[in-house]
Amino acid sequence: MAERKKGLSFRVKLDLAFLLLSLTLVGGAVMAAQYSATLAAREKIDRDFARTAGQLERSITSRLTGFDDVAAAALSDALFRSYLGNTIQRDADMGLDDPQSDNGLDAAEGDDNPIVKAHGVFFSAETPLFQERYPVVAIVNAEGTLIFSKGDRARYGGSVKNVPLVARTLKEHKAAEIWPAKDTSLTQLGLIPAGGDDELYLVMGREIATAKGVVGVVFVGEALSQGLLPELEALSNADVVLRTGDAFLARVGDDPVRTALLIEAAKGRTQAKAMQDHKLYGESYLGVAATIPGLVAGRSIGEAYLLRSLESELGPFNQRLRTALLIVALAALILSLIVGSQMSGRLTHPLSSLDKAVRQVRTGDLSVKVPVTSRDEIGELANSFNEMTEGLKQRDQIKATFKRYLAPAVVEEMLKNPEKLQLGGEDRELSILFSDLVGFTSLSEGRKASELVALLNEYFDEVGQAIVRRGGTLDKFAGDSVMCFFGAPIVQEDHRARALLSAIEHLRVVDDVQKRWAALGRPVINCRIGVNSGHVVVGNIGSRDGQDYTVIGDAVNLASRLEGANKEYGTRLMVSEDSLVGVEQLVHVRELDSLRVKGKAIPVRVFEVLGERGQVSDTSLKVAAMFAEGLAIYRAQKFADAKKIFDGCLTLDPNDGPAKTFAARCVEFQSDPPEANWDGVFKMTTK
């Protein structure tokens, strides 16, 4: 054997293993720390978002209250309310909605028109409502006519009663809404400034009333990009996308690409309130939606979607983690080298002894023993090695003893479970087959013993192979007889089928041998086979110095009796009823008789196996069917009629043994009828 090249020594491999283990543990600790930090960061972001959502509600409430206060203060002037009241109930006389007039007014009326007067008053007013930071200020009379709008000071007199917020304010006294600049109808009506298509406006409407009733509505609003949006970004330390309907607002410096990505993330969210993961700019982001409340409880007017980078939150922790990882990795490297060196020294010596012993076993020396010097795994390994050498010696002994006499499956079972080589056995349901040569006496006459043994060995070799192919266990060869069984030592649920198919193949072997020997001028031989199934005791039976793996029991004896009973009926293969359970679809059979064999009081129904399904001639099947009819009439003691049927069987097949037997019985019973209590059972008086 060529000498193998040596690789790394065991000590080096062990050192590397300790190093790898240490690094794995460090890596696992790092992953655990990273995971914990990520969970903590997510929880912190979730808390910050929840706090921001609460602040959002308070901020909206504060803004709407401020709108209400400034509007109330500005319109507390009775003169303002009086001018606004004068515009009511005169719309039809003022030429409103006249397409020929720029502002829906009849130009002929000029400055005497109450709407023109009211517009002029509001246009020149110096109250905070009209002069301060609010980009949306609009006054509408109770009939839905625009009197004044800061968004477009030159536009007035048109009808805005179809704007939802106008109708809701007149109905609910106060109402709030977010107006998108992309809604061109609002800019065309002059309610909001033109331009800035992505802007959103928070607007509140408040009714204006006098002692005579409601005279109009005032609308006050601010641009969210200038107020609420930067406030939420500062409070939450996150990017914010505001939304109402299908309009979105976000501001990320002068980066329109990033702004568009934020808006797409807000559009693509799938959960209403739960925190959701996003991937933006190659980073992990967490997003959550917060409701923008209106003035009516439970009614939202929009939504704020908050997005914060998880990597940014983890940045400081990751820096500290990298520093700690470097220190721990260096410490693990040093420790693993020290511990690995000590451990490898303790392990190398006993393993070297084991290696030496293995080399001896490779040369065939199974007497070698390895000293067991410890109680750890190395000691267990040495002990297992010693047990292995003992097992190998026992294996060689088993092979030498049994391989020539038992099927390979039996030998393998013994090799796997040598403890089964003990006295006693177990109860198991098996199928037993007995076979005996017919014509052996003629075969043996005038032949030398060596020649006779050679002929028998030729026959037994082919029969034995047929049995083994079906998984049978060869029990013994006795003279010209064969005994085998199926279902042990390896459990075979289909032992009946195996036994019957093996018996049929057995007959084919006999036929082939018969043809060969006839061509050589040797005597004609035949065989008889009996098969029975039932519970037997199976195991290694014998003395401590000599044992046979065999079976014993009544089922074994009956199989032997059935083999001999073939002589009475002129058949070759007889089986018991028990052997046909579950295999009726495999073979063609015909019932022969009810037998009371010698030594047994209970009768047994016996059958002749004609062959495998699909391989039996039509003539044989016709004879079997006719025979079954004759058997029924025979059991009814109509012997004359039965004989006619059996004679009919012989007409089809003059060599049919069972028909000959029963035809002769019918003649005998006609002259000497059976007893009155005859049960149709035939009693065998010989084995």
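The values are calculated or read from the model by the stated rules, or taken from the named source; none is laboratory data. If you're wondering where the values come from, they're calculated on a predicted model, not measured in any experiment. Please note: Cβ atoms are built from the backbone with ideal geometry, for glycine as well, and neighbour counts cover all protein chains shown. Ligands, DNA and RNA are excluded from the accessible area calculation, which covers all protein heavy atoms including side chains. Shrake-Rupley method; radii C 1.70, N 1.55, O 1.52, S 1.80 Å.
Filtered by the rule that a residue be open to solvent by less than 80 Å² (accessible area, probe 1.4 Å) and free of Cβ contacts under 8 Å to residues at least 40 places away in the same chain, segment 578-600 gives H588, V589. Just one residue in the set L229, L242 is assigned to a helix (DSSP H, G or I), surrounded by 18 or more Cβ atoms within 10 Å (Cβ to Cβ) and under 51 Å from the mean Cα position of the chain (by Cα); that residue is L229. In segment 655-677, of all residues being in contact with a helix residue (DSSP H, G or I) (Cβ under 9 Å, 6 or more places away or on another chain) and part of a loop (DSSP other than H, G, I, E, B), the one that is modelled with the lowest pLDDT corresponds to P673.
When segment 601-624 is limited to residues that are open to solvent by 50 Å² or more (accessible area, probe 1.4 Å) and touching a residue at least 24 places away in the same chain (Cβ under 8 Å), the one that is nearest to S576 (Cα to Cα) turns out to be R605.
Taking segment 479-497 as the search range and keeping residues that are under 46 Å from the mean Cα position of the chain (by Cα) and of a type in the set (D, E, K, R), which one is surrounded by the most Cβ atoms within 10 Å (Cβ to Cβ)? Talk me through it step by step, then tell me what you get.
Restricting attention to segment 479-497, the residues satisfying the condition of being under 46 Å from the mean Cα position of the chain (by Cα) are 484-497.
With of a type in the set (D, E, K, R) added as a condition, the list becomes 493-494, 496.
Numbers: E493: 10, D494: 16, R496: 24.
The qualifying residue surrounded by the most Cβ atoms within 10 Å (Cβ to Cβ) is R496.
Please go through segment 466-502 and give me each residue that is of a type in the set (G, A, S) and part of a strand (DSSP E or B), ordered by number.
Within segment 466-502, the first condition is being of a type in the set (G, A, S), and the residues that meet it are 466, 471-472, 478-479, 481, 487-488, 497, 499, 502.
Those that are of a type in the set (G, A, S) and part of a strand (DSSP E or B): A478, S481.
Of the residues N457, N526, the single one that is surrounded by fewer than 18 Cβ atoms within 10 Å (Cβ to Cβ), closer than 25 Å to S576 by Cβ and not small (G, A, S) is N526.
Quick one: which residue in A290, A274, A260, A304 is under 23 Å from I178 (Cα atoms) and either without any contact (Cβ under 8 Å) to a residue 60 or more places away in the chain or touching a Pro at 6+ places or on another chain (Cβ under 6 Å) (or both)? Can you show your working first?
Working: A290 fails: either without any contact (Cβ under 8 Å) to a residue 60 or more places away in the chain or touching a Pro at 6+ places or on another chain (Cβ under 6 Å) (or both); A274 fails: under 23 Å from I178 (Cα atoms); A304 fails: either without any contact (Cβ under 8 Å) to a residue 60 or more places away in the chain or touching a Pro at 6+ places or on another chain (Cβ under 6 Å) (or both).
Every option except A260 fails the conditions.
Any residue that is surrounded by 11 or more Cβ atoms within 10 Å (Cβ to Cβ), modelled with pLDDT of 70 or more and touching an Asp or Glu at 6+ places or on another chain (Cβ under 6 Å) - is there at least one of those in segment 313-328? The answer is no; no qualifying residue exists.
Screening L262 against (1) open to solvent by 10 Å² or more (accessible area, probe 1.4 Å); (2) at pLDDT below 80 leaves a single unmet condition, (1). Of the residues E458, E462, E505, the single one that is under 26 Å from V604 (Cβ atoms) and either of a type in the set (D, E, K, R) or assigned to a loop (DSSP other than H, G, I, E, B) (or both) is E505.
Anything in segment 54-81 that is assigned to a helix (DSSP H, G or I) and in contact with a helix residue (DSSP H, G or I) (Cβ under 9 Å, 6 or more places away or on another chain)? List them, or say none.
Residues of segment 54-81 that are assigned to a helix (DSSP H, G or I), as a first pass: 54-74, 78-81.
Once the filter is applied, which keeps residues that are assigned to a helix (DSSP H, G or I) and in contact with a helix residue (DSSP H, G or I) (Cβ under 9 Å, 6 or more places away or on another chain), segment 54-81 yields Q55, L56, S59, I60, R63, V70, A71, A73, A74, L79, F80.
Would segment 238-260 turn up any residue that is out of contact with any Asp or Glu (no Cβ under 7 Å at 6 or more places or on another chain), of a type in the set (F, W, Y) and under 18 Å from R63 (Cβ atoms)? No, segment 238-260 contains no residue that is out of contact with any Asp or Glu (no Cβ under 7 Å at 6 or more places or on another chain), of a type in the set (F, W, Y) and under 18 Å from R63 (Cβ atoms).
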